[in-house]
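Novice: Please read through the structure below; I'll follow up with questions.
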Amino acid sequence: MSTHICECEAKAKAAQEEEARLYKELDKIIAKHKEVKGPLIQTLHAAQELFGWLPEQAQARIAKGLDVPLSEVHGVLSFYSFFTTVPRGKHTIRVCLGTACYVRGGKQVLEKFEHELGISVNNTTEDRQFSLEVNRCVGACGLAPVVTVGADIYRRVKVDKIPEIIKKYKGS
Ligand code: FES
């Protein structure tokens, strides 16, 4: 009998092990934050750092671990926009659609990113490399349209330069 394990089985096993490791870490975070007052937001922050987002399973584990209703967790998550309950890509691309950027072609820039990445706004590429979001003015209106990729800022972005911008981050 062959003992050969196909690549996808090995990958699935590695993913399972990684998940188990993350949840073990999460338990430590919960235990640590349990001791402090008003621990929910800090715990959610730490959990988001760990996973990159907040899966439903992690939300339930936090609620149970901190002894707060799951509805309270959901309330906090929907109130603060920096929490995300969908997987984020390694790089978050944000296209500004504030007034100045919008009138100077922000919408076309966004459409080109959607086309090049093959996703619509507020989604993440399958390979988890990129998430695409919209910003409302980043204070650089004179240099519109503006795009940010993580901490990098791109000003006066031209549609034909977008593949080049994406290429810079691909695989990094
Ligand atoms: S509107 Fe885009 S930077 Fe101000």
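Just so it is clear, none of the values below were taken in a lab; they were calculated from the coordinates. Here the structure is a predicted model, which means the values were calculated and not measured. Quick reminder, even Gly has a Cβ in these numbers, built from the backbone with ideal geometry, and neighbours come from all protein chains shown.
Novice: Of everything in the stretch 50-74 that's of a type in the set (Gly, Ala, Ser) and under 19 Å from the mean Cα position of the chain (by Cα), which residue is farthest from the ligand (Cβ to nearest atom)? Before the answer, list the steps.
Specialist: Quick first cut of the stretch 50-74, residues of a type in the set (Gly, Ala, Ser) only: 52, 58, 60, 63, 65, 71.
Adding the requirement that they be under 19 Å from the mean Cα position of the chain (by Cα) leaves 52, 58.
Values: Gly52: 26, Ala58: 34 Å.
Among residues in the stretch 50-74 that are of a type in the set (Gly, Ala, Ser) and under 19 Å from the mean Cα position of the chain (by Cα), the one farthest from the ligand (Cβ to nearest atom) is Ala58.
Novice: State whether the residues of the stretch 82-91 include one that is away from the ligand (no atom under 16 Å from the Cβ), of a type in the set (Phe, Trp, Tyr) and either in a loop (DSSP other than H, G, I, E, B) or out of contact with any strand residue (DSSP E or B) (no Cβ under 9 Å at 6 or more places or on another chain) (or both). Give the derivation first.
Specialist: Step one: of the stretch 82-91, the residues away from the ligand (no atom under 16 Å from the Cβ) are 82-91.
Still in the list and also of a type in the set (Phe, Trp, Tyr): 82-83.
Subset that is either in a loop (DSSP other than H, G, I, E, B) or out of contact with any strand residue (DSSP E or B) (no Cβ under 9 Å at 6 or more places or on another chain) (or both): 82-83.
For the stretch 82-91, residues away from the ligand (no atom under 16 Å from the Cβ), of a type in the set (Phe, Trp, Tyr) and either in a loop (DSSP other than H, G, I, E, B) or out of contact with any strand residue (DSSP E or B) (no Cβ under 9 Å at 6 or more places or on another chain) (or both): present.
Novice: Any residue at all in the stretch 62-73 that's at positive phi and assigned to a loop (DSSP other than H, G, I, E, B)? First the steps, then the outcome.
Specialist: First, the residues of the stretch 62-73 that are at positive phi: 67.
Those left that are additionally assigned to a loop (DSSP other than H, G, I, E, B): 67.
Scanning the stretch 62-73 turns up at least one residue that is at positive phi and assigned to a loop (DSSP other than H, G, I, E, B).
Novice: Determine, yes or no, whether Leu117 is buried (at least 19 other Cβ atoms within 10 Å of the Cβ), within 20 Å of Lys161 (Cβ to Cβ) and more than 15 Å from the ligand (Cβ to nearest atom). I'd like the intermediate steps shown before the answer.
Specialist: Working: buried (at least 19 other Cβ atoms within 10 Å of the Cβ): yes; within 20 Å of Lys161 (Cβ to Cβ): yes; more than 15 Å from the ligand (Cβ to nearest atom): yes.
So Leu117 fits the description; yes.
Novice: Let me ask another. Would you point out the residue of the stretch 139-172, among those that are under 19 Å from the mean Cα position of the chain (by Cα) and within 16 Å of the ligand (Cβ to nearest atom), that is surrounded by the fewest Cβ atoms within 10 Å (Cβ to Cβ)?
Specialist: So, considering only residues that are under 19 Å from the mean Cα position of the chain (by Cα) and within 16 Å of the ligand (Cβ to nearest atom), the one surrounded by the fewest Cβ atoms within 10 Å (Cβ to Cβ) is Ala151.
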